[in-house]
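The values are calculated or read from the model by the stated rules, or taken from the named source; none is laboratory data. Keep in mind that this is a model prediction, so the values were computed, not measured. In this analysis, Cβ positions are derived from the backbone assuming ideal geometry, glycine residues included, and neighbour counts consider all displayed protein chains. Ligands, DNA and RNA are stripped out before the accessible areas are found, and what is left, the full protein with its side chains, is counted by its heavy atoms. Shrake-Rupley method; radii C 1.70, N 1.55, O 1.52, S 1.80 Å.
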Amino acid sequence: MPLALKVAPDLEDADIAAIADAVRRHRIEGVIATNTSLSREGVEGCAHAGEAGGLSGAPIRNRATNILRKFSLQLKGEAALIGAGGILSRGDAQEKFASGASLVQLYTGLVYRGPDLVAQCVP
C-alpha cells in the first residue's frame, strides 16, 4: 500500500535531512509538503490570529513552498512530492510544480475559490 508522509512548514534544515533519510530508509512513496503551521507569522495583528489550531492557506504558502524545494533537493526524485499549502491560483500551483512537486493538494483554496480552482490549476 503506498504511503505518503505529510510534514509541517515549520521544519529546520536538519529536520528535513533526517526526514528525507527516513523516507528513503522506510521506502515511503511520497512526501506532502506541507501541513498546517503552529506559527502565527504573517497574521500578527489579525482579529483571529490568536486562535488555537493550525494555520493554513495564503499565510503559509511561501514557507510551504520553501520546505517543498528543500525536500526536492534532498530526495532528488526518490519519492513523489506533493505540494500543499496556500494554493489559491494557477500561479500558486505552478510555483509548487516548479519547486519539485509532481502533484498538488488543494484544500483551503477550494474553500475560498470553489471547485473552479481545480480547472484553473490543471496545466
Contacts under 7 angstrom Cβ, first residue in the stretch 94-105 being farther than 17 Å from Gln120 by Cα, partner hydroxyl-bearing (Ser, Thr, Tyr) and open to solvent by less than 70 Å² (accessible area, probe 1.4 Å), 6 or more apart: Ser99/Thr65; Ser99/Ser72; Gly100/Ser72
All positions within the stretch 14-23 that are of a type outside the set (A, V, I, L, M, F, W, C) and exposed (fewer than 14 other Cβ atoms within 10 Å of the Cβ): Asp21
Leu106 being modelled with pLDDT of 90 or more, open to solvent by less than 50 Å² (accessible area, probe 1.4 Å) and part of a loop (DSSP other than H, G, I, E, B): yes
Members of the stretch 80-91 found to be surrounded by 22 or more Cβ atoms within 10 Å (Cβ to Cβ) and either charged (D, E, K, R) or assigned to a loop (DSSP other than H, G, I, E, B) (or both), listed by number: Ala84, Gly85, Gly86, Ile87
Members of the stretch 1-13 found to be surrounded by 12 or more Cβ atoms within 10 Å (Cβ to Cβ) and either touching a Gly at 6+ places or on another chain (Cβ under 6 Å) or within 14 Å of Asn66 (Cα to Cα) (or both), listed by number: Ala4, Val7, Ala8, Pro9, Asp10, Leu11
Matching residues, the stretch 6-35, being aliphatic (A, V, I, L, M) and under 22 Å from Asp92 (Cβ atoms): Val7, Ala8, Leu11, Ile16, Val31, Ile32, Ala33
Pairs, first more than 13 Å from Arg63 (Cβ to Cβ) in the stretch 1-27, second open to solvent by 80 Å² or more (accessible area, probe 1.4 Å), C-beta under 8 Å, six or more apart: Pro2/Glu29; Leu3/Glu29; Ala4/Glu29; Val23/Glu78; Arg24/Glu78
Any hit, the stretch 52-61, residues being hydrophobic (A, V, I, L, M, F, W, C), modelled with pLDDT under 90 and surrounded by fewer than 13 Cβ atoms within 10 Å (Cβ to Cβ): yes
Candidates Ala47, Ala79, filtered to the one that is more than 13 Å from the chain's Cα centre (by Cα) and modelled with pLDDT of 95 or more: Ala79
Tally, over the stretch 65-117, of residues that are within 20 Å of Glu29 (Cα to Cα) and basic (Lys, Arg): 4
